[in-house]
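Below is one structure, written out as structure tokens; the observations come after it.
The values are calculated or read from the model by the stated rules, or taken from the named source; none is laboratory data. Just so it is clear, the structure is predicted and the values come from calculations on it, not from any experiment. We place every Cβ from the backbone using ideal geometry, glycine too, and count neighbours over all the protein chains shown. Heads up: the accessible areas ignore ligands, DNA and RNA and are worked out on the full protein's heavy atoms, side chains in. Shrake-Rupley method; radii C 1.70, N 1.55, O 1.52, S 1.80 Å.
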Amino acid sequence: MVKKFIHIDMDAFFVSVEIRDNPALANKAVAVGGKSDRRGVLSTCNYIARQFGVHSAMATSIALQKCPQLIVVPGRMDVYKQISVQIRAIFEKYTQLIEPLSLDEAFLDVTDCKLCNGSATLIAEQIRQEIFEELNLTASAGIAPNKFLAKIASDENKPNGQCVITPEQVATFIEKMPLNKIPGVGKVTFEKLKANGLEFGRDVIARDKSELMHKFGKLGVSLWDKCQGIDNREVVTSRVRKSVGVERTFAQDIHSKEELSDYMIGNLIPELKKRSELYLKTREISKLGVKVKFKDFHQTTKEFKYHSFDESVFNELLNDALIRGEGKAVRLLGVHIGLCDEPDEHHQFELAL
Ligand code: TTP
Ligand code: MG
């Protein structure tokens, strides 16, 4: 059966909230981020700032070179979280099948929603209208028969717009679609694909699946499927988190083992500790892991069953992973912990009785 998905994504989320709450910022180039004198980076910026080439994750100092009049304000995470809860309450009027991807973005499966005569296009319009009336913020939406197309569609008419891809339009849309629109195809992968004559959906469709698999492995298979319009993923309403991780792609590949180890211990592990704090209030660590991606994109993961943070274990895992790379420089380093299953609530309840 054909399904109907909506992907909703707030426009310039953090910064739109700041401008909403401080009218003096209206019609100016504004970003949310850290200060330039403390090696800060931007979380995001508004569309005025984007015209100057400023974007998310850019160093604040560079952003100020590109756009000297840029106003950089600190973020208020608690406010964004609260708004995210309010947005979710609006979604829940239409469906219970909601998969949040981040604070400002979610997939909705509205296949069975009877409101708006069952029109997903009208549902998306109405949701965006409600968000605007209730929160004074704008959102964009993509409507499509599967998740990956809905996500791509929500970007098409940003900001404050929506785009529908009906089942009949899927094939034409994919033919014209540049492959870097597909989530997971970043700049480097896209260059590699282009070097092989693959730039748009139609270039992928023209090839054999086996050829793509041979050349690009898993990525090739996934690309081929997507370009056939195949994506059978359901909306995942509640995930039990199995791991927490932090990773960083370096601006320049790193050769030195010491430098990698220092970065891991000085930056990645403290960040991982911070991010896992909440989960470790109720759950135990099941394993430690290190992931390394080498210069040539070969990737490896080493894990070890262990029940607490231990720098020397992480270091050994790093050493083992690097041995697998046979001296190649490293472009990405990540650390993660596995989480034991959630405590069984029924069991605890029985014990309490
Ligand atoms: P996005 O939806 O990627 O960006 P956005 O909402 O700011 O802009 P767009 O209109 O293009 O959707 O991310 C949502 C929020 O997440 C963003 O407002 C700030 C935060 N964020 C970061 O903190 N760091 C990042 O690198 C990115 C991409 C986002
Ligand atoms: Mg957004």
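Using only alpha carbon positions, build the gyration tensor of the range 1-159, then give the equivalent ellipsoid semi-axes as the square roots of 5 times its eigenvalues, largest first, whole angstrom.
So the three semi-axes of the range 1-159 are 32, 15, 13 Å.
Classify the range 183-308 as rounded, prolate or oblate, taking a ≥ b ≥ c as the square roots of the eigenvalues of its Cα gyration tensor: rounded when a/c is under 1.5, otherwise prolate if a/b is larger than b/c and oblate if not.
Oblate.
Consider a paramagnetic label point 7 Å from the Cα of VAL240 along Cα→Cβ; state which residues of the range 282-326 have an amide N under 15 Å from it.
Under cut-off, by backbone N: 282-286.
Rounded, prolate or oblate for the range 222-274? Axes are the square roots of the Cα gyration tensor eigenvalues, ordered a ≥ b ≥ c, and the cut-off for rounded is a/c under 1.5.
oblate
Please compare each pair in LYS147/LYS192; LYS147/LYS242; LYS151/LYS242; LYS242/LYS274 to a cut-off of 19 Å on the Cα-Cα distance and tell me which ones are over it.
Beyond 19 Å between Cα atoms: LYS147/LYS192; LYS147/LYS242; LYS151/LYS242.
Please work out the FRET efficiency for the pair VAL2 and ASN117, using the Cβ-Cβ distance as r and a Förster radius of 22 Å; give the result to the nearest 0.05.
Calculated value: 0.85.
Could you work out how far apart the two model spin labels at LYS187 and GLU271 are, taking each label as a point 7 Å from the Cα in the direction of the beta carbon, and quote it in nm?
Taking the simple label geometry, LYS187 and GLU271 are separated by 1.7 nm.
Kirkwood Rh over Cα pairs of the range 159-202 into Stokes-Einstein at 4 °C, 1.567 mPa s: D in µm²/s?
111 µm²/s
With a 1.4 Å probe and every protein chain left in place, work out the accessible area per residue of the range 196-248 in Å², rounded to a whole number.
Accessible area per residue, the range 196-248: 63 Å².
To the nearest 20 Debye, how big is the dipole of the chain about its Cα centre, given +1 on the beta carbon of each Lys and Arg and -1 on that of each Asp and Glu?
That gives a dipole near 860 debye.
According to the square roots a ≥ b ≥ c of the eigenvalues of the Cα gyration tensor, what is the shape class of the chain, taking rounded for a/c under 1.5, prolate for a/b larger than b/c otherwise, and oblate for the remainder?
It comes out rounded by the Cα gyration axes.
If I stretch the segment between SER312 and LYS194 completely, what's the gain in nm (0.36 nm per residue apart, minus their alpha carbon distance), one decimal?
Full extension of this stretch gives 38.3 nm more.
State the antiparallel share, in %, of DSSP beta bridges confined to the range 24-172, rounding to the nearest 5.
So the antiparallel bridges in the range 24-172 amount to around 55 percent.
Quick one: how many lysine pairs does the range 1-135 have with C-alpha atoms less than 18 Å apart and a gap of 8 or more or different chains? Give me the count, please.
6
Using only DSSP helix segments of four residues or longer, with each worth -39500 (n - 2.57), what per-residue ellipticity at 222 nm results for the chain after dividing by its residue count and rounding to 500?
Computed mean residue ellipticity for the chain: -11500 deg cm²/dmol.
Can you compute the charge dipole magnitude of the range 1-116 about its Cα centre, using +1 on each Lys and Arg Cβ and -1 on each Asp and Glu Cβ, nothing else charged? Give it in debye, rounded to the nearest 20.
For this selection, approximately 280 debye.
Label points 7 Å out from Cα along the Cβ direction at TYR279 and ARG324: separation in nm?
In this crude label model, TYR279 to ARG324 measures out at 1.9 nm.
Expressed as a whole number of Å, what is the distance separating the alpha-carbon centroids of the range 226-291 and the range 1-43?
Taking the Cα centre of each part, the range 1-43 and the range 226-291 sit 24 Å apart.
Between HIS55 and THR172, with labels modelled 7 Å along Cα→Cβ, what's the label distance in nm to one decimal, could you check?
2.9 nm
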